[in-house]
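These notes are about the structure you will find just below.
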Amino acid sequence: MRQFSSLLNGLARSLRGKNSGTDDGREAAEAMAKDAKRNDLILRSSGSVNVDGSNNFASVFSKRGRKGVNQDCAIVWEEFGCQADMLFCGIFDGHGPWGHFVAKKVRESMPSSLLCNWQQTLAQASLDPDSDLESDKKHQRFHIWKHSYLKTCAAVDHELEQQRKIDSFYSGTTALTIVRQGDIIYVANIGDSRAVLATTSDDGDLVPVQLTVDFKPNLPQEAERIIQCKGRVFCLHDEPGVHRVWLPDEESPGLAMSRAFGDYCIKDYGLISVPEVTQRHITSRDQFVVLATDGVWDVVSNQEAIRIVSSTTDKAKTAKRLVEFAVQAWKKKRKGIAVDDISAICLFFHSSPLE
């Protein structure tokens, strides 16, 4: 792998307390992204990523629903931050009149911001005399990634609000992202997309493990926060079972998720852009993870999803087959119409073919 000493030096300068240093680090991270794109290490459309020498294989597919422009988007960045053992991937589900612009803007800014904050937090932790990284590396690494994600998401949401060319007052996006670093994956979720891991049980069967929570407004802890902030949660008469978030005195905006970037009309009434960050140690039993928007999970169970992926012999076509299965399920449910945009990423942990 080529060395990017000048770029890494730029990230190092971000550790200084001055704003200019932070700007240098962000610019360096963005330059890394451009270089990775030129070298086919970044995928932002339907397709696959399979880099020589990597244990990762990623399949991506997205299909537009009947509402018009596809508001879903995704990214896979192999050798994230010029680190041979790191990968970043994310899936973003926009909503509202400007949702597709919001989703793409978050996809554009989040990886570079996260990389910069991770480098900064990592160096600060290693320089802390009270910190002993050797005593509990796993815990320390998780703390560093969680802190980096929290800082990144707050910054991205703030920057989005300042954007003059994107009106995100009544529009927003969810964000489900994963960083794989060696044999650990760090998962950060804002919204109602879902990550499901396929792992082998003691009996040899492939079983699903849901890695994220679908942040719907009717979850007790989410509903409590929204109500305490004077927001409202209820279903419309023609949508029984679909809980939405509403302003105190208006039947607007009716969001079907309780966490999102953007949607500033209701940010003071319980909607937040704070991610839930978790980690998992990947073993030889863990085969792949599926990241998908709610357009998949509303009609496909976790077990069905891993069955579809594992039974597809061509890894490059796994995300497409899962999405097409979901489209057909929607058409049966809605009498011939696939309403929602539907997107998926299938990330395989081992370079060997599926058995």
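The values are calculated or read from the model by the stated rules, or taken from the named source; none is laboratory data. Being a predicted model, the structure only gives us computed values, none of them experimental. FYI the Cβ positions are ideal-geometry reconstructions off the backbone, even for glycines, and counts take in every protein chain you see. Keep in mind that these areas ignore ligands, DNA and RNA; they rest on the heavy atoms of the full protein, side chains included. Shrake-Rupley method; radii C 1.70, N 1.55, O 1.52, S 1.80 Å.
Within the listed set Val102, Val339, Val60, the Gaussian network model of the chain (springs between alpha-carbon atoms below 10 Å) gives the highest mean-square fluctuation for Val339. Seen from a random direction on average, the alpha-carbon convex hull of segment 263-355 projects onto 8.3 square nanometres. Prolate is the label for segment 157-212, because the ratio a/c of its alpha-carbon gyration tensor axes (a ≥ b ≥ c) is 1.5 or higher and a/b is greater than b/c.
By the scheme Lys and Arg +1, Asp and Glu -1, what is the net charge of all other residues having a beta-carbon under 14 Å from that of Phe215? Please report the intermediate quantities before stating the final value.
Details: positive: Arg194, Lys216, Arg225, Arg244, Arg259; negative: Asp93, Asp192, Asp214, Glu222, Glu224, Asp263, Glu276, Asp294.
Residues close to Phe215 contribute a combined charge of -3.
Applied to segment 97-107, the Karplus parametrisation 6.51 cos²θ - 1.76 cosθ + 1.60 on θ = phi - 60° returns per-residue 3J(HN,Hα) values of x, 10, x, 5, 5, 5, 4, 5, 5, 5, 4 Hz, with x for Gly and Pro.
Taking only alpha carbon atoms, segment 21-133 gives an Rg to Rh ratio of 1.05, where Rh is the Kirkwood radius. Per residue, the accessible area of the chain comes to 46 Å², computed with a 1.4 Å probe over protein heavy atoms only. Each residue of segment 206-217 was assigned a 3J(HN,Hα) from its phi angle through the Karplus curve 6.51 cos²θ - 1.76 cosθ + 1.60 (θ = phi - 60°); the sequence is 8, 10, x, 10, 6, 8, 10, 9, 6, 7, 9, x Hz, with glycine and proline shown as x.
Carbon-plus-sulfur accessible fraction, the chain (probe radius 1.4 Å, protein heavy atoms only): 48%. Mean-square fluctuations from a GNM of the chain, with a 10 angstrom spring cutoff on Cα atoms, peak among Gln140, Gln221, Gln328 at Gln221. Measuring nothing but how far apart in sequence close Cα pairs (under 8 Å, 6+ apart) lie, relative to its length, segment 21-126 scores a relative contact order of 23 percent. Calculated translational diffusion coefficient of segment 51-200 (4 °C, 1.567 mPa s; Stokes-Einstein with Kirkwood radius over alpha-carbon pairs) equals 77 µm²/s. For Thr199, the residues 5 or more places off, or on other chains, whose built amide H falls under 5 Å of its own are Val207, Val209, Gln287. Among the listed pairs Lys67/Lys331; Lys63/Lys317; Lys34/Lys267; Lys63/Lys151; Lys105/Lys138, a Cα-Cα separation exceeding 21 Å is found for Lys34/Lys267; Lys63/Lys151; Lys105/Lys138. Rounded to two decimals, the Cα-based Rg/Rh of the chain, with Kirkwood Rh, is 0.96. Taking each DSSP H run with n ≥ 4 as -39500 (n - 2.57) and averaging over every residue of the chain yields -11500 deg cm²/dmol at 222 nm.
Which whole-number percent is the relative contact order of the chain (Cα, under 8 Å, 6+ apart)? 20 percent. Judged by the mean number of other Cβ atoms found within 10 Å, the most tightly packed of the peptides 113-122, 50-59 leads the ranking 113-122, 50-59.
A simple rule links phi to the HN-Hα coupling: the Karplus curve 6.51 cos²θ - 1.76 cosθ + 1.60 with θ = phi - 60°, which for segment 66-82 gives 8, 7, x, 5, 6, 9, 8, 7, 8, 8, 10, 10, 7, 6, 4, x, 6 Hz, with x for Gly and Pro.
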